[in-house]
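Report on the structure given below.
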Amino acid sequence: MAEIRLQNLAHSYVAAPTGPDDYAIREMSHIWEQGGAYALLGPSGCGKSTLLNIISGLLSPSEGQVMFDAKVVNALSPEQRNIAQVFQFPVVYDTMTVYDNLAFPLRNQGMDEKRIHAKVSEIAEVLDLQPLLKKKARNLTADEKQKVSMGRGLVRDDVSAILFDEPLTVIDPHLKWKLRRKLKQIHEQFNITMVYVTHDQLEASTFADKIAVMYGGQIVQFGTPRELFEKPRHTFVGYFIGSPGMNLIEVTLQPGGVGFGEAGLAKVVVPVSEGVQQRLAATRWTRLTLGIRPEFVHVWDGPYDEAWCADVTYVEDLGTYKILTLKLAGQLLKVRLQEDKPVPQGQAWISFPGQWLMVYADDFLVEGDVPLASDSAQGVAHA
């Protein structure tokens, strides 16, 4: 096991990069602590696999350092780093049995056969591979091959970390939850540093203790699944995490808060805390965005003095909950309504609880330490 530290790391596939847009990985510093279970989450093309290949040694970074336990490993090969990597498509030796596939890395180390047998048996039991040990790998299903590929990393005592590059992509959907659960059990049992790359927020949340969300070659937030959901520090995190994602509305600065509304329509003004107002006054920015998750929009049973009236444009019934699409002052909003709540017809009276409102300046969260007085109520106003 190892602590993995990235120090001022950056990478470009361009021979002579001239600006940030030329970098697949923009300059970053980050730490994966020893024995942690982490996910690297983001859309295709954001730099996830590039970063993973730099950590493993398959790719050399353009700038900065990769350190394992404070030792710089930039010049070391994957073998010298003692990294095990599980790829999107299973990598197995088809002509070998499952037993020989699992034993292969141990035999390369010169381990005696008695100890090899003990290690292979242990890992086969963990991964439910005992019935398949004598079977040729070519005859396995995709999920069985992926378990063998994982097992080759787990069987080694000297492995510094196991890196997973979207390992469940080719697995049937009904088997994915079993393998996710199995990976979690393996981590708890062996306490190995694991980094799991995925574009699926469910996979990330069920596997990892902490998630690094990547966007545009940068880690824009690193935190627990709950932190990413309740307090996204970048508009992309708000949009990407959640189903549906956070409502994001471009707003203008107003006395005491922020506002939005189309020409000819009454402007909706939302108060924000004094701390946020002070931060906005003290910093330079070009664009303001208001964010609130669909789960946190409050829907009233009827007209209410401190609520806005929005038009109901669409209702999606998803069984245990419903998704309402509302139009407020020209802006479309998503609202998640629990199954036991009545569905408003035609119009809905809504408000935004102050504690769940987020204000973003140029896509980054603006935080203030002065609480809004109405946080304990609904924290709304209209003009």
Conditions (1) surrounded by 14 or more Cβ atoms within 10 Å (Cβ to Cβ); (2) in a strand (DSSP E or B); (3) in contact (Cβ under 8 Å) with a residue 24 or more places away in the chain; number of the one not met by Thr325: (3)
Which listed residue, of Glu367, Glu339, Glu316, is within 31 Å of the chain's Cα centre (by Cα), at pLDDT below 90 and more than 28 Å from Gln221 (Cα to Cα): Glu339
Every residue from the range 102-121 that is exposed (fewer than 13 other Cβ atoms within 10 Å of the Cβ) and assigned to a loop (DSSP other than H, G, I, E, B): Gln109, Gly110, Asp112
The range 230-252, residues that are surrounded by 16 or more Cβ atoms within 10 Å (Cβ to Cβ) and under 11 Å from Leu288 (Cα atoms): Thr235, Leu248, Ile249, Val251
Where Glu33 falls short, out of the listed (1) in contact (Cβ under 8 Å) with a residue 24 or more places away in the chain; (2) out of contact with any Gly (no Cβ under 6 Å at 6 or more places or on another chain); (3) on the phi > 0 side of the Ramachandran plot: (3)
Cross-chain or 6+ apart pairs with Cβ under 8 Å, the range 169-186 first and in contact (Cβ under 8 Å) with a residue 60 or more places away in the chain, then loosely packed, with under 12 Cβ neighbours inside 10 Å: none
Looking only at the range 241-264, and only at residues there that are touching a helix residue (DSSP H, G or I) at 6+ places or on another chain (Cβ under 7 Å) and of a type in the set (A, V, I, L, M, F, W, C), the one that is nearest to Val335 (Cα to Cα): Met246
Pairs with Cβ under 8 Å, 6+ apart, first in the range 331-346 and free of Cβ contacts under 8 Å to residues at least 40 places away in the same chain, second of a type outside the set (Ser, Thr, Tyr) and crowded, with 19+ Cβ neighbours inside 10 Å: Leu332/Leu326; Leu337/Val299; Leu337/Leu324; Val343/Leu324; Val343/Leu337
Condition check for Glu227: in a helix (DSSP H, G or I), without any contact (Cβ under 8 Å) to a residue 40 or more places away in the chain, on the phi < 0 side of the Ramachandran plot and acidic (Asp, Glu): yes
Tally of residues being assigned to a strand (DSSP E or B) and in contact with a Phe, Trp or Tyr (Cβ under 9 Å, 6 or more places away or on another chain) across the range 291-322: 8
So Tyr360, is it crowded, with 21+ Cβ neighbours inside 10 Å and either more than 23 Å from Lys267 (Cβ to Cβ) or modelled with pLDDT of 95 or more (or both): yes
Meets criteria (over 19 Å from Phe240 (Cα atoms), of a type in the set (A, V, I, L, M), within 22 Å of the chain's Cα centre (by Cα) and modelled with pLDDT of 90 or more) for Met194: yes
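The values are calculated or read from the model by the stated rules, or taken from the named source; none is laboratory data. The structure presented is a predicted model; accordingly, all values stated were derived computationally and were not measured. Virtual Cβ from ideal backbone geometry, glycine too; neighbours counted across all protein chains shown.
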